[in-house]
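**Student:** Once you've had a glance at the structure underneath, I'll fire off some questions.
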Amino acid sequence: MRVTRVRLWMFAAGVLLAGQGMLASPAAALAAHPLSINTSAANGTVVGTSMDCPSGTLDLTRHFTAGASLASGAFSSLTGQESVDLQVLTGTTQAALRGTDSRVTLTNARGSVVLALSAGSCASPTLMLSGDTVKGNGTWTVVTDNTATNAYRGATGAGTFALNADLGAGAANPWTLALSGFITVEQPDVTVSTRARWGNLGLDYTSRILTVEYRIANAGPGDAFGVKLLDAAPTPASVVELGPLPQTLGTVRAGRTATALVRYRLPLGSPPCAVLVLGCRFTTAPQVAVADALDDGGTQSSQVQVVAPLLPVG
């Protein structure tokens, strides 16, 4: 079996409030991911026959099923599975596929995308049949799926395919299928807000160590994967970032929030804390790595304000 692919792509207020900043939003424009999957295997099975064309030269339908593993990188960074389920309309020397009942499903741990394959019709077949071997080209489109738990809900796309498969009775039929085109998936849209507090029941106040809670909220329609707070450098430089950074937050589903805690040492007697560290204000520049369900993404940056609590507790 051989499968290859070319890469398809942040609380509230009160005396403890810090600030909020919006990250550059990837949801403004859906990115088209190139899709190119080429599969070869010898596990094709014809599991039944029927007569589905009311007229014309195609007098027999053969139900062909097969499957193949998808390596990491073929359909996102995860390993997955390709399932083939085709109703091949056949005649003596020609064949066809209908998008209504010929499907290829690409699946991984995040969900699945179903492709409908079409090539000709009962009246106008476009595939060639030689003995039990069907061969030719056609088109595919993504079948709409809005299942909430499917990370690929709302996906769209289209492309072409090339098929070469044996349709002999039983199993162990060799087949190859090449898929190419583009897929778009719903995009995450993350924002960062902050809340500052003195840790250790306020004892960190005496050491001027402030804990900043970064809330990474996903307000977009798409789930966010591989979310990581890479850095949150403070300004001015007299505020010292103690970390820990970077922090891996993992998956942030649409409508959900993840939290990272970062500690800073505040200066005393110099800006921005000239007299007291209470109420001291400074800015940070959180950098967040985020990707969509197909692992396309990048680093997004923002500027947020941090305000130390007005009381030496909290």
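**Student:** In the set V84, V113, V88, which member is assigned to a strand (DSSP E or B), under 17 Å from T126 (Cβ atoms) and either open to solvent by less than 10 Å² (accessible area, probe 1.4 Å) or touching a strand residue (DSSP E or B) at 6+ places or on another chain (Cβ under 9 Å) (or both)?
**Tutor:** Numbers: V84 fails: under 17 Å from T126 (Cβ atoms); V113 fails: under 17 Å from T126 (Cβ atoms).
Within the list V84, V113, V88, the selection yields V88.
Listed here are the residues, each with its yes/no results for (1) crowded, with 16+ Cβ neighbours inside 10 Å; (2) in contact with a strand residue (DSSP E or B) (Cβ under 9 Å, 6 or more places away or on another chain).
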{"residue": "D231", "(1), (2)": "yes, yes"}
{"residue": "R256", "(1), (2)": "no, yes"}
{"residue": "A260", "(1), (2)": "yes, yes"}
{"residue": "R265", "(1), (2)": "yes, yes"}
{"residue": "V275", "(1), (2)": "no, no"}
{"residue": "L294", "(1), (2)": "yes, yes"}
{"residue": "Q303", "(1), (2)": "no, yes"}
{"residue": "V306", "(1), (2)": "yes, yes"}
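**Student:** On to the next question. Residue by residue through region 91-110, note down the ones that are of a type in the set (S, T, Y) and in contact with a strand residue (DSSP E or B) (Cβ under 6 Å, 6 or more places away or on another chain). Before the answer, list the steps.
**Tutor:** Residues of region 91-110 that are of a type in the set (S, T, Y), as a first pass: 92-93, 100, 102, 105, 107.
Across region 91-110, the qualifying residues are T93, S102, T105, T107.
**Student:** Is it fair to say T139 is assigned to a loop (DSSP other than H, G, I, E, B), among the polar types (S, T, N, Q) and surrounded by fewer than 19 Cβ atoms within 10 Å (Cβ to Cβ)?
**Tutor:** Values: assigned to a loop (DSSP other than H, G, I, E, B): no; among the polar types (S, T, N, Q): yes; surrounded by fewer than 19 Cβ atoms within 10 Å (Cβ to Cβ): yes.
Spelling it out, it is not the case that T139 is assigned to a loop (DSSP other than H, G, I, E, B), among the polar types (S, T, N, Q) and surrounded by fewer than 19 Cβ atoms within 10 Å (Cβ to Cβ).
**Student:** Out of everything in region 237-254 that is over 21 Å from G298 (Cβ atoms) and open to solvent by less than 50 Å² (accessible area, probe 1.4 Å), what residue ends up being nearest to the chain's Cα centre (by Cα)? Please lay out each step first, then the result.
**Tutor:** Applying the first criterion (over 21 Å from G298 (Cβ atoms)) to region 237-254 yields 237-244.
Now restrict to residues that are open to solvent by less than 50 Å² (accessible area, probe 1.4 Å): 238-239, 243.
Numbers: S238: 39, V239: 36, G243: 29 Å.
Residue satisfying both the conditions and the ranking: G243.
**Student:** Being more than 17 Å from the chain's Cα centre (by Cα), open to solvent by 30 Å² or more (accessible area, probe 1.4 Å) and modelled with pLDDT under 90, is that true of even one residue in region 25-46?
**Tutor:** Within region 25-46 (the criterion being more than 17 Å from the chain's Cα centre (by Cα), open to solvent by 30 Å² or more (accessible area, probe 1.4 Å) and modelled with pLDDT under 90), the answer is no, since none of the residues qualifies.
**Student:** For L17, state whether it is buried (at least 17 other Cβ atoms within 10 Å of the Cβ), out of contact with any Ser or Thr (no Cβ under 8 Å at 6 or more places or on another chain) and at pLDDT below 85. Reasoning before the result, please.
**Tutor:** Numbers: buried (at least 17 other Cβ atoms within 10 Å of the Cβ): yes; out of contact with any Ser or Thr (no Cβ under 8 Å at 6 or more places or on another chain): yes; at pLDDT below 85: yes.
Considered against the rule, which asks whether it is buried (at least 17 other Cβ atoms within 10 Å of the Cβ), out of contact with any Ser or Thr (no Cβ under 8 Å at 6 or more places or on another chain) and at pLDDT below 85, L17 comes out as yes.
**Student:** Which is over 27 Å from L311 (Cβ atoms), of a type in the set (S, T, Y) and part of a strand (DSSP E or B), of T284, T251? It would help to see each step written out before you state the result.
**Tutor:** Working: T284 fails: over 27 Å from L311 (Cβ atoms).
So the residue among T284, T251 that is over 27 Å from L311 (Cβ atoms), of a type in the set (S, T, Y) and part of a strand (DSSP E or B) is T251.
**Student:** Give the residue that is most open to solvent (accessible area, probe 1.4 Å), with candidates limited to residues of region 205-220 that are at pLDDT below 95 and over 13 Å from L261 (Cα atoms).
**Tutor:** Here the answer is T206.
The values are calculated or read from the model by the stated rules, or taken from the named source; none is laboratory data. Remember, it's a predicted structure, so these values are computed and weren't measured experimentally. In this analysis, Cβ positions are derived from the backbone assuming ideal geometry, glycine residues included, and neighbour counts consider all displayed protein chains. When the accessible area is computed, the model is the full protein with side chains, heavy atoms only, and any ligands, DNA or RNA have been set aside. Shrake-Rupley method; radii C 1.70, N 1.55, O 1.52, S 1.80 Å.
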